[in-house]
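Report on the following structure.
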Amino acid sequence: FPPLLPDPVSASTAYVAGRRLYRTTDSGDTWTALAVVDPDPTHVVIALAAAPAARLTFFAATACLPEIALVTCPAVSLVWRSANGGQSWVQMSPVAGLVNRLAVDPRQNNTVYAAIGGFPAGPSLSAGFVSGDLLQSTNGGAVWTSVRGNLPHVPIKTVVIDQTSLPALTPLLHG
């Protein structure tokens, strides 16, 4: 925390998020503030991903984290989508649990995975209270379905998409 997203094409470009998205195009010497992702002042971005085949499409997950907001927070993440490089954001569906990582399938820009667990972007006061799940959306975050299958009920830290094989998904569990 905060999530950092390097640009896969330009080595000098990266994005970092707190309440809003920031972009550097000069290896971090200067940062440009982009739009606030979630207007709720108790929410911060806990996960950030870009669609590899559509470089201006970003997904972000926001949540209220008690150690940052200094209030009691529900274990719910809101998923947001930007189609214009972070200039504006549209809220998609909320998901139960705290998103650790988002990943976009490079072959299908609307297929997004969310690794769910009690450890949002690092240690958290709420760690361990939310069982793990692996969610998939095939419509850009509008609807989420669990694809956890027979994985154990533990927090899932990240998800890696293997572009050369099907199925293309490799979850990494907390252990």
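The values are calculated or read from the model by the stated rules, or taken from the named source; none is laboratory data. Just so it is clear, the model here is predicted, and its values are computed rather than measured. Keep in mind that these areas ignore ligands, DNA and RNA; they rest on the heavy atoms of the full protein, side chains included. Shrake-Rupley method; radii C 1.70, N 1.55, O 1.52, S 1.80 Å.
Observations on the structure shown:
- Under Karplus coefficients 6.51, -1.76 and 1.60, residue-wise ³J(HN,Hα) of the range 86-91 in Hz, glycine/proline x: x, 6, 8, 10, 10, 6
- Under a 5 Å amide H cut-off, with hydrogens placed 1.01 Å from N, Lys157 pairs with Leu172, Leu173, His174 among residues at least 5 apart or on other chains.
- Residues whose amide H falls under 5 Å from that of Leu34, counting only those 5 or more places apart or on a different chain, are Leu21, Tyr22, Arg23, with hydrogens built in the peptide plane.
- In the chain, helices alone account for a calculated mean residue ellipticity at 222 nm of -500 deg cm²/dmol, with every DSSP H run of four or more residues adding -39,500 (n - 2.57).
- Most mobile of Gln163, Gln136, Gln91 in a GNM of the chain (Cα contacts under 10 Å): Gln163
- Using a cutoff of 8 angstrom between alpha carbon atoms and counting only pairs six or more residues apart, the relative contact order for the chain works out to 15 percent.
- Listed values for the range 146-163 are Karplus-derived 3J(HN,Hα) couplings in whole Hz (6.51 cos²θ - 1.76 cosθ + 1.60, θ = phi - 60°), namely 6, 10, 4, x, 9, 5, x, 7, 10, x, 9, 7, 7, 9, 10, 9, 8, 6, and x replaces Gly and Pro.
- Ranked from largest to smallest solvent-accessible area, with a 1.4 Å probe on the protein heavy atoms, His153, His43 come out as His153, His43.
- Each residue of the range 69-74 is assigned a 3J(HN,Hα), and the resulting list reads 7, 6, 9, 6, 10, x Hz, derived from the Karplus form 6.51 cos²θ - 1.76 cosθ + 1.60 (θ = phi - 60°), x at Gly and Pro.
- The chain: C-alpha gyration tensor shape, a/c 1.5 cut-off, then a/b vs b/c: oblate
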